Amino acid sequence: MARETLIIGNWKMNKTISEAIDFMDTIRQEMGKTTRGVALCVPFTAISTVSVMAKEMNMPIGAQNISEHDHGAYTGEVSAEMCRDAGADFTLIGHSERRKYFGETSELTCVKIGRAINHNLAPILCVGESLEDRENNQSERVIAEQLEEGLKGFEAGELGRLIIAYEPVWAIGTGKVASVEVIEEMHHFIRDLLSARFSAEFAKATRILYGGSVKPSNIASIIALEDVDGALVGGASLEAKSLVQLTLTVGTTR
Ligand code: PGA
């Protein structure tokens, strides 16, 4: 089965509900119902409003994080069930900003993947090496550890909707996009790991997205790579027209 290309916008901590509505209105005007292959991760506060608008356009909506707990006395946390209830279809897990600023470990990402699956949210596991790791030739070791720990104990059958996002930390929000050689090499490495850990079929069916300073001007060469199945886009997803541009470019490239 061919892997369908997916562009996911990640708004991070941006946009009020009214700004989100304006954004979705522009997407509707520009793309109508042709949003196949585009999804958005929005702040918790906007999930319910945006998901209602997105449904008419067949656009999946995701959370950017979920709690590792199901419910209880965890002030300030939001559970997988709450996100699902608000209208989310998927969630990011272990984004590098969560790992860096909130101390999320690979062990924690593993627990969160379980929560997401239990509540019918497709998990998008984000992995990526730091600049220091790359300079010390540790990229593959770090990615292998993040995948091994993050997916510990799961069977392929439970992870049917899993997506991996490879996002080198040094390329996120820096304007420094990884070279196509690095991207292809790392995506290939990740697919080989999935094959060894699960099966060749599972590896072949699992989408691996690239993230890190993707924008309309550089997406074509990235998306053309064999092992790249889409992109996770931060900054360039904040303007509706830029997200439309990214999608159109992908549509004509693949
Ligand atoms: P960026 O962010 O596109 O702004 O580099 C990517 C991400 O954090 O997912």
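For region 97-108, the set of residues classified as more than 16 Å from the ligand (Cβ to nearest atom) and surrounded by 19 or more Cβ atoms within 10 Å (Cβ to Cβ) consists of Ser106 only. Determine whether Glu132 is at pLDDT below 95, closer than 24 Å to Thr174 by Cβ and charged (D, E, K, R). Criteria met by Glu132. Restricting to region 13-58, name every residue that is in contact with a strand residue (DSSP E or B) (Cβ under 7 Å, 6 or more places away or on another chain) and within 29 Å of Phe102 (Cα to Cα). Residues satisfying the conditions are Val38, Ala39, Leu40, Cys41, Val42, Phe44, Ile47, Val50, Ser51.
In region 131-139, the count of residues that are within 27 Å of Asn218 (Cα to Cα) and of a type in the set (Lys, Arg) is one or more.
Restricting the first member to region 10-36 and to residues that are touching a residue at least 24 places away in the same chain (Cβ under 8 Å), and the second to residues that are more than 16 Å from the ligand (Cβ to nearest atom) and hydroxyl-bearing (Ser, Thr, Tyr), the beta-carbon pairs closer than 6 Å and six or more apart or on different chains are Ile17/Thr49. When the helices (runs of 4 or more DSSP H) confined to region 1-89 are screened for residues that are farther than 18 Å from Ile117 by Cβ, modelled with pLDDT under 95 and away from the ligand (no atom under 16 Å from the Cβ), those reaching at least 1 such residues are found at 17-31, 44-56. Among residues of region 109-123 being of a type in the set (A, V, I, L, M) and either out of contact with any helix residue (DSSP H, G or I) (no Cβ under 8 Å at 6 or more places or on another chain) or in a helix (DSSP H, G or I) (or both), the one that is surrounded by the fewest Cβ atoms within 10 Å (Cβ to Cβ) is Val111. Listed by first and then second residue, the pairs with beta-carbon distance under 8 Å, at least 6 apart or on different chains, first residue in region 166-180 and farther than 18 Å from Asp229 by Cβ, second among the polar types (S, T, N, Q) and near the ligand (Cβ under 9 Å from one of its atoms), are Val169/Ser96; Ile172/Ser96; Ile172/Ser213; Gly173/Ser213; Thr174/Ser213; Gly175/Ser213; Lys176/Ser213. Look at (1) away from the ligand (no atom under 16 Å from the Cβ); (2) touching a helix residue (DSSP H, G or I) at 6+ places or on another chain (Cβ under 6 Å) and you find that Gly94 fails only one, number (1).
The values are calculated or read from the model by the stated rules, or taken from the named source; none is laboratory data. Computed from a predicted structure; not experimentally measured. So basically every Cβ, Gly included, is an ideal-geometry build from the backbone, and we count neighbours across all protein chains shown.
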